[in-house]
Amino acid sequence: MPRGDRLAYLSTLFELFPGDLIFTGTPEGVGAVVKGDLMKGGVDGIGEFAVRVV
């Protein structure tokens, strides 16, 4: 399903707001999260975070 169609469909099910994140799958080559992994993320202008799997 094209991205625009996906957003239009989701907006019929949920009220979407600016900044909402919509996860649609896993990029090619990404493996499972395992003990000891460190995951980092962030939002420009807001901050960054890190989570270690224990």
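Descriptive notes on the structure:
- The magnitude of the dipole of the chain, with charges of +1 and -1 set on the Cβ of Lys/Arg and Asp/Glu and taken from the Cα centre, is near 200 debye.
- The chain: relative contact order as a whole-number percent, Cα under 8 Å and 6+ apart: 24 percent
- Cut-off 15 Å between beta-carbons: net charge of the residues surrounding residue 30, Lys and Arg +1, Asp and Glu -1: -1
- For the chain, convex hull volume per residue from C-alpha positions, Å³: 138 Å³
- Cβ-based charge dipole, the chain, positive-most Cα from 50, 13, 33: 33
- J(HN,Hα) series, the range 9-15, from Karplus relation 6.51 cos²θ - 1.76 cosθ + 1.60, nearest Hz, glycine and proline x: 5, 4, 5, 7, 9, 9, 7
- Accessible-area order (highest first, 1.4 angstrom probe) of the listed residues 46, 22: 46, 22
- Coupling constants for the range 28-37 follow from the phi torsions by the Karplus curve (6.51 cos²θ - 1.76 cosθ + 1.60, θ = phi - 60°), and in residue order they are 4, x, 8, x, 5, 7, 10, 3, x, 5 Hz; glycine and proline get x.
The values are calculated or read from the model by the stated rules, or taken from the named source; none is laboratory data. Since the model is a prediction, treat every value here as computed from it, not as a measurement. A quick note on method: Cβ atoms are made from the backbone with ideal geometry, for glycine too, and the neighbour counts reach across all protein chains shown. Protein only, heavy atoms only, side chains kept; ligands, DNA and RNA dropped before computing areas. Shrake-Rupley method; radii C 1.70, N 1.55, O 1.52, S 1.80 Å.
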